[in-house]
Structures are given as structure tokens and as C-alpha cells.
1. Under a crude label model (7 Å from the Cα following the beta-carbon direction), how far is residue 119 from residue 183 in nanometres?
2. Sorted by packing (mean other beta-carbon atoms within 10 Å per residue), highest first, where do 250-260, 196-206, 218-228 land?
3. How far is it, in nm, from the label point at residue 207 to the one at residue 169 when both lie 7 Å from their Cα along the line to the Cβ?
4. So, in nm, how far is label residue 216 from label residue 157 when the simple model puts each one 7 Å beyond its Cα toward the Cβ?
Amino acid sequence: MQTLLALSPLIIRVLKIVVPIVIGLLLLPILAVSAVLNKSTVTWPVVAPTQVTADQTAYLATGWTISSPFGWRPNPDNPGEWELHEGIDLAGPMFCDGCSVPPMGDIEVVFVGWDQPSADEPQNAGAGVVVDMTLQHPEESGAILLRYGHLQPYRVWVRTQTCTQTIDCPEYQDDDTGNVSVVCPSRVIATDTNSATRSYLYATPGDCRASVSWPSDFTPDGSSTMTFNQRITPGTSSSNAAITFRAQRPPPPTPTPLPVLTPTIVP
């Protein structure tokens with residue numbers, strides 16, 4: 001009994017080392033199963049007729065593959081690190097530059113905008129432009145939220161031109177004198193402001209306003225503010241916008257004629 005009591009501190013120290021190891025080994029199968037369950041194994045998509053626009057006949061949406069499934073994956077930006085991919089990346093002929101994106105079912109659009117609106121470059125942060133949709137008929141499908149990401153932002157180009165108030169007017173020329181601003185429902189990103197044609201990106205369609213402020217000695221030729229709306233309408237394709245503002249420059253000052261000097265004859 002005394003010998004057992006003398007060994008008890010040693011036994012306790014051994015148990016402190018062995019027990020965590022045993023528990024960790026017992027958890028390995030659970031962790032492995034969890035990793036498998038956190039990986040999407042669905043074969044996407046199922047062949048189904050899909051109607052993209054109201055005036056287009058249904059077609060079979062096939063040929064897409066999962067280029068990156070849901071779950072943990074190597075971080076492409078930081079080699080050696082892992083990240084949780086919270087969505088499914090699809091690749092196929094319908095996911096291309098300028099292609100229409102077909103819906104995955106009967107859906108209702110609930111949000112269109114930047115994934116990370118406060119980022120320095122929201123068009124390149126996170127999923128960029130996203131569209132959130134809910135599946136209709138929740139009594140059959142349950143409450144499901146679908147998100148499309150990495151979509152193209154809306155673009156608007158604003159050009160400023162002026163002409164000089166002479167006999168040549170209105171021969172307008174590009175001019176970057178005017179101060180341009182664009183306001184939309186979501187954050188607007190100016191991508192080029194160093195020329196007479198400025199370009200902007202925004203993610204949320206709706207009522208937008210472009211305006212120009214000319215110097216006080218310029219006379220606007222037409223409106224200095226223009227509204228435009230690229231709201232998504234079923235069966236209608238939205239497009240980018242191009243706006244031109246014009247103004248007249250004051251004519252150059254008339255040079256003061258030099259006095260005519262009469263030669264003096266000295267006898």
C-alpha cells in the first residue's frame with residue numbers, strides 16, 4: 001500500500017501525458033468524417049430546362065463542373081496556408097465574360113451589390129459583385145439562400161468637352177476641366193479620373209446621377225446633371241452607360257493693339 005502511494009505522483013504525471021494522446025487518437029476518425037462532410041460531393045448540375053430571359057426558349061443547362069468545391073482548400077494567395085471556401089465555384093460555357101447567368105431554380109433576387117463594400121478595391125475583394133437570391137416555394141425546398149459572386153460590375157463613362165466662343169464653336173474638343181461626380185445606390189469606384197473621359201464602376205443598379213461642375217467663367221451647353229437607371233428588368237438586358245457633358249469656354253482676350261508710332265523727322 002505504501003509502495004502504491006509512493007508511485008501515485010508518477011502515475012499521475014504519466015496519465016497527464018497519455019490521456020490527451022488517447023483522446024486525440026479517438027478524435028481522429030471524427031475529424032476525418034467532419035472533413036469529408038465539409039466537402040461538397042454533389043454532381044452539378046442536374047440536367048434541367050432553364051429560361052434565361054422572357055423572350056428566350058428554354059434550353060438544357062449542362063456541361064458545368066465544380067472547379068472548386070465547398071470546404072477547406074489551399075489558399076491561392078498565400079501558399080502553405082489553408083482557407084475555408086464558403087461557396088462552390090462553377091466552370092463551364094455559360095460562365096464566361098459577357099454571358100448571361102442562368103438561375104438555379106425559381107428564385108427571388110433579394111440583394112445586388114458589393115460583397116465587401118468598405119474594401120479599398122471592392123471590385124477585387126471577396127466575391128466582388130454578388131447577387132443574393134432566395135428559392136421560392138420554401139414549403140417544398142426549405143429556406144435556401146443562393147449567392148452568385150464574381151459578376152461583372154456596372155460601368156459608366158462620363159466625357160467632358162468644351163468649345164471656344166468663337167466662329168468655330170460648336171466644334172467641341174475633349175477637355176478635362178470640369179469636375180465630374182457620379183452617385184449611385186451603392187459605392188461608386190472611380191477607375192480613371194485623369195482624362196476627359198472618366199470611368200466608374202458600381203455594383204447596385206438603380207437611380208444614379210452623374211453631374212459636372214464647370215469653372216465659373218464657363219457656360220454649360222445643356223444640362224450639367226443627368227440621371228440614369230440600369231435597374232434589372234425581367235426579359236430586358238441592361239448595359240453600361242456613356243454620358244457627355246459640354247460647355248463653352250470664354251473667348252480668348254482680345255489683344256490690345258500697340259500704338260502707332262509716327263516717325264519724327266529731325267531737320
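1. 2.7
2. Order by mean packing, descending: 196-206, 218-228, 250-260.
3. 3.4
4. Between residue 216 and residue 157, the label points sit 3.4 nm apart.
Throughout, read-outs are computed from the coordinates displayed, never taken from laboratory work. Quantities reported herein were computed from a predicted structural model and do not represent experimental measurements. Neighbour counts run over all protein chains shown; Cβ positions are idealised from the backbone, glycine included.
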